1. Stretched out fully, how many nm does the piece from residue 41 to residue 8 gain, at 0.36 nm a residue minus the Cα gap?
2. At a 1.4 Å probe radius, which order do 80, 108 fall into by accessible area, largest first?
3. By how many degrees, between 0 and 90 and to the nearest 10, does the Cα long axis of helix 40-52 differ from the longest principal axis of the chain?
4. So what does log10 I(q)/I(0) come out to for the chain at q = 0.11, 0.12, 0.15, 0.20 Å⁻¹, using the Debye formula with one equal point on every Cα and no solvent?
5. What does the accessible area per residue of the chain come to in Å², with a 1.4 Å probe and no ligands, DNA or RNA counted?
6. Loop sites only, by DSSP: take the GluC sites (Glu not before Pro) in the chain that have at most 12 other C-beta atoms within 10 Å and name the longest stretch containing none of them.
7. Roughly speaking, to the nearest percent, how much of region 1-67's 1.4 Å accessible area is carbon and sulfur?
8. Compute the helix-to-body angle for 129-147: its Cα long axis versus the longest principal axis of the chain, expressed 0 to 90° and rounded to tens.
Amino acid sequence: MELSCKSEYALLALIELAAHYDTGEPLQIRQIAAQQNIPDRYLEQLLATLRRGGIIRSQRGAKGGYTLAREPWKINLLEVFICIEGLETQPNAQDSDAKSDKTLEGAVILEIWQEAHRAASAILQKYTLQELRDRRDSRRQLDFMYYI
């Protein structure tokens with residue numbers, strides 16, 4: 001499995017929204033884009049996908065922007081990946097090659113792939129946006145202390 005640029009940018013934007021969650025103030029696309037160095041147009045598409053997925057909310061108007069739809073500790077990384085990448089929660093046996101389905105080797109490969117997918121899903125489900133934000137903040141603190 002690989003972290004796509006799309007998923008990475010979505011997570012960066014969500015960390016920024018999680019960092020401002022307590023203020024209740026929406027963030028505008030240009031603010032998120034500037035803070036996380038994400039192209040505005042691309043970020044706009046990602047935020048629209050996250051909004052349709054129920055992970056964030058948008059607010060119109062001069063003081064409008066985006067906020068998390070729920071508390072950062074209630075949004076796990078698995079749901080973000082499913083929303084952004086359109087991933088299924090379980091690999092499907094019908095998706096594998098027809099020839100592999102008919103062989104013992106194909107069945108063994110599929111079993112291992114399903115096990116790996118379950119393990120990856122369990123890890124992604126375990127971590128929330130709050131934990132990503134907390135890790136970032138603690139590393140910032142370490143970096144700050146290192147440079148003093």
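1. 10.3 nm
2. 108, 80
3. Once rounded, the angle reads 70 degrees.
4. -0.52, -0.60, -0.82, -1.20
5. 67 Å²
6. Between exposed loop sites, the widest span is 3-87.
7. 44 percent
8. The angle comes out near 60 degrees.
The values are calculated or read from the model by the stated rules, or taken from the named source; none is laboratory data. Everything numeric in this text was worked out from a predicted model, so none of it was measured. Note that we place each Cβ from the backbone using ideal geometry, even for glycine, and neighbour counts take in every protein chain shown. Heads up: the accessible areas ignore ligands, DNA and RNA and are worked out on the full protein's heavy atoms, side chains in. Shrake-Rupley method; radii C 1.70, N 1.55, O 1.52, S 1.80 Å.
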